[in-house]
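Before any comments, here is the structure.
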Amino acid sequence: MSSERQYGWMWDEACDLVDAAEQAQRRFLRYVGPGGDAAAWAPPVDIQEVPEGVVVVFALPGVALEDIELRLEPAALTVRAARRLKVAHPDALIRRLEIPHGRFIRRIALSGVPLVLSATRYEHGCLEVYLVRAKESDL
(Lines give C-alpha, C1' and ligand atoms only; values in the text may rest on other atoms or scores of the structure.)
Protein backbone atom coordinates (compact mmCIF):
# COMPACT_ATOMS: atom_id res chain seq x y z
CA MET A 1 0.00 0.00 0.00
CA SER A 2 1.45 3.39 -0.95
CA SER A 3 2.08 5.89 1.85
CA GLU A 4 -0.33 8.37 0.20
CA ARG A 5 -3.10 5.77 0.19
CA GLN A 6 -2.32 4.77 3.80
CA TYR A 7 -2.48 8.37 5.06
CA GLY A 8 -5.68 8.98 3.10
CA TRP A 9 -7.27 6.01 4.84
CA MET A 10 -6.03 7.25 8.24
CA TRP A 11 -7.45 10.73 7.58
CA ASP A 12 -10.84 9.28 6.62
CA GLU A 13 -10.83 7.15 9.77
CA ALA A 14 -9.95 10.19 11.95
CA CYS A 15 -12.73 12.27 10.38
CA ASP A 16 -15.23 9.46 11.00
CA LEU A 17 -14.18 9.26 14.66
CA VAL A 18 -14.56 13.04 15.12
CA ASP A 19 -18.02 12.93 13.51
CA ALA A 20 -19.08 10.04 15.76
CA ALA A 21 -17.82 11.85 18.86
CA GLU A 22 -19.72 15.04 17.96
CA GLN A 23 -22.91 13.07 17.35
CA ALA A 24 -22.57 11.20 20.64
CA GLN A 25 -21.98 14.44 22.50
CA ARG A 26 -25.19 15.94 21.15
CA ARG A 27 -27.18 12.72 21.53
CA PHE A 28 -26.60 12.02 25.19
CA LEU A 29 -26.89 14.12 28.30
CA ARG A 30 -23.64 15.45 29.61
CA TYR A 31 -22.68 17.16 32.83
CA VAL A 32 -21.34 20.65 32.21
CA GLY A 33 -21.20 22.09 35.70
CA PRO A 34 -23.22 23.13 38.70
CA GLY A 35 -26.03 25.63 38.64
CA GLY A 36 -29.55 25.86 37.33
CA ASP A 37 -28.32 27.58 34.16
CA ALA A 38 -25.88 24.85 33.15
CA ALA A 39 -26.49 23.50 29.66
CA ALA A 40 -27.16 19.76 29.62
CA TRP A 41 -27.24 19.11 25.89
CA ALA A 42 -26.85 20.69 22.47
CA PRO A 43 -29.33 20.17 19.62
CA PRO A 44 -28.19 19.03 16.18
CA VAL A 45 -28.10 21.73 13.54
CA ASP A 46 -28.06 21.97 9.74
CA ILE A 47 -26.45 24.99 8.08
CA GLN A 48 -27.12 25.81 4.45
CA GLU A 49 -25.64 28.68 2.49
CA VAL A 50 -28.07 30.15 -0.02
CA PRO A 51 -27.59 33.03 -2.48
CA GLU A 52 -29.21 35.52 -0.06
CA GLY A 53 -27.30 34.39 3.05
CA VAL A 54 -27.56 31.45 5.44
CA VAL A 55 -30.35 29.17 6.70
CA VAL A 56 -29.74 27.50 10.08
CA VAL A 57 -32.10 24.72 11.20
CA PHE A 58 -32.07 23.56 14.84
CA ALA A 59 -33.76 20.24 15.75
CA LEU A 60 -35.77 21.05 18.90
CA PRO A 61 -38.48 18.40 19.28
CA GLY A 62 -40.52 18.88 22.41
CA VAL A 63 -39.27 22.43 23.03
CA ALA A 64 -42.05 25.00 23.41
CA LEU A 65 -41.74 28.06 21.18
CA GLU A 66 -42.08 30.42 24.15
CA ASP A 67 -39.05 28.74 25.79
CA ILE A 68 -36.69 29.55 22.91
CA GLU A 69 -34.32 32.51 23.06
CA LEU A 70 -32.53 33.53 19.86
CA ARG A 71 -29.64 36.01 19.80
CA LEU A 72 -27.70 37.24 16.78
CA GLU A 73 -24.34 38.88 17.43
CA PRO A 74 -21.77 39.96 14.83
CA ALA A 75 -19.70 36.79 15.28
CA ALA A 76 -22.29 34.20 16.38
CA LEU A 77 -25.89 33.01 16.39
CA THR A 78 -26.95 31.64 19.77
CA VAL A 79 -30.05 29.62 20.64
CA ARG A 80 -30.96 28.84 24.27
CA ALA A 81 -33.96 27.00 25.61
CA ALA A 82 -35.05 24.10 27.76
CA ARG A 83 -36.73 20.84 26.93
CA ARG A 84 -38.94 19.96 29.84
CA LEU A 85 -39.13 16.40 31.07
CA LYS A 86 -42.54 15.00 30.23
CA VAL A 87 -43.59 12.08 32.41
CA ALA A 88 -46.48 9.95 31.15
CA HIS A 89 -47.95 9.41 34.60
CA PRO A 90 -47.15 10.66 38.13
CA ASP A 91 -46.46 7.09 39.25
CA ALA A 92 -44.28 6.24 36.24
CA LEU A 93 -41.03 4.46 36.98
CA ILE A 94 -38.48 5.74 34.48
CA ARG A 95 -36.46 2.87 33.01
CA ARG A 96 -34.52 4.81 30.40
CA LEU A 97 -34.06 8.43 29.31
CA GLU A 98 -32.32 8.82 25.97
CA ILE A 99 -34.08 11.95 24.75
CA PRO A 100 -32.17 14.94 26.11
CA HIS A 101 -33.99 17.16 28.60
CA GLY A 102 -33.09 20.31 30.44
CA ARG A 103 -31.42 23.53 29.39
CA PHE A 104 -29.33 23.78 26.27
CA ILE A 105 -27.31 26.33 24.42
CA ARG A 106 -26.04 26.10 20.86
CA ARG A 107 -23.72 28.75 19.49
CA ILE A 108 -22.95 28.88 15.76
CA ALA A 109 -19.89 30.92 14.83
CA LEU A 110 -20.41 33.35 11.96
CA SER A 111 -17.67 34.78 9.79
CA GLY A 112 -17.42 36.66 6.55
CA VAL A 113 -19.89 39.31 5.54
CA PRO A 114 -22.18 40.66 8.30
CA LEU A 115 -25.59 38.97 8.51
CA VAL A 116 -28.95 40.20 9.80
CA LEU A 117 -31.98 38.23 10.89
CA SER A 118 -34.50 38.01 8.06
CA ALA A 119 -37.07 35.56 9.45
CA THR A 120 -37.64 32.61 11.75
CA ARG A 121 -40.06 29.70 11.57
CA TYR A 122 -40.79 27.00 14.12
CA GLU A 123 -42.49 23.98 12.61
CA HIS A 124 -42.55 20.27 13.49
CA GLY A 125 -39.97 20.76 16.24
CA CYS A 126 -37.46 22.54 14.01
CA LEU A 127 -36.43 26.17 14.38
CA GLU A 128 -35.44 27.65 11.03
CA VAL A 129 -33.42 30.87 11.18
CA TYR A 130 -32.96 32.88 7.99
CA LEU A 131 -29.99 35.22 7.93
CA VAL A 132 -29.32 37.55 4.98
CA ARG A 133 -26.30 39.59 4.07
CA ALA A 134 -26.45 43.01 5.72
CA LYS A 135 -26.84 46.10 3.58
CA GLU A 136 -24.91 49.29 4.32
CA SER A 137 -28.08 50.75 5.90
CA ASP A 138 -28.34 47.76 8.31
CA LEU A 139 -24.87 48.32 9.77
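The values are calculated or read from the model by the stated rules, or taken from the named source; none is laboratory data. This is a predicted model, so every value here is computed, not measured. Positions of Cβ are generated from backbone atoms using ideal geometry, with glycine treated the same way; all protein chains shown enter the neighbour counts.
A few notes on this one:
- Residue in region 85-95 that is out of contact with any strand residue (DSSP E or B) (no Cβ under 7 Å at 6 or more places or on another chain) and under 18 Å from residue 47 (Cβ atoms) present: no
- Hits in region 122-139 (condition: under 18 Å from residue 73 (Cβ atoms) and either modelled with pLDDT of 95 or more or surrounded by 10 or more Cβ atoms within 10 Å (Cβ to Cβ) (or both)): 127, 129, 130, 131, 132, 133, 134, 138
- Complete set of residues in region 104-121 that are part of a loop (DSSP other than H, G, I, E, B) and either modelled with pLDDT of 95 or more or of a type in the set (S, T, N, Q) (or both): 111
- Scanning region 92-115 for residues that are surrounded by 13 or more Cβ atoms within 10 Å (Cβ to Cβ) and either touching a Ser or Thr at 6+ places or on another chain (Cβ under 9 Å) or under 11 Å from residue 76 (Cα atoms) (or both) gives 105, 106, 107, 108, 110, 114, 115.
- Taking region 72-98 as the range and being β-branched (Val, Ile, Thr) and in contact (Cβ under 8 Å) with a residue 24 or more places away in the chain as the test, the residues that pass are 78, 79.
- Among the residues of region 123-139, those that are in contact (Cβ under 8 Å) with a residue 60 or more places away in the chain and in a strand (DSSP E or B) comprise 126, 127, 128, 129, 130, 131, 132, 133.
- Taking every residue in region 99-114 that is in contact (Cβ under 8 Å) with a residue 12 or more places away in the chain and of a type in the set (S, T, N, Q) and pairing it with any residue that is surrounded by 17 or more Cβ atoms within 10 Å (Cβ to Cβ) and part of a loop (DSSP other than H, G, I, E, B), at least 6 positions away or on another chain, yields no pair with a Cβ-Cβ distance below 9 Å.
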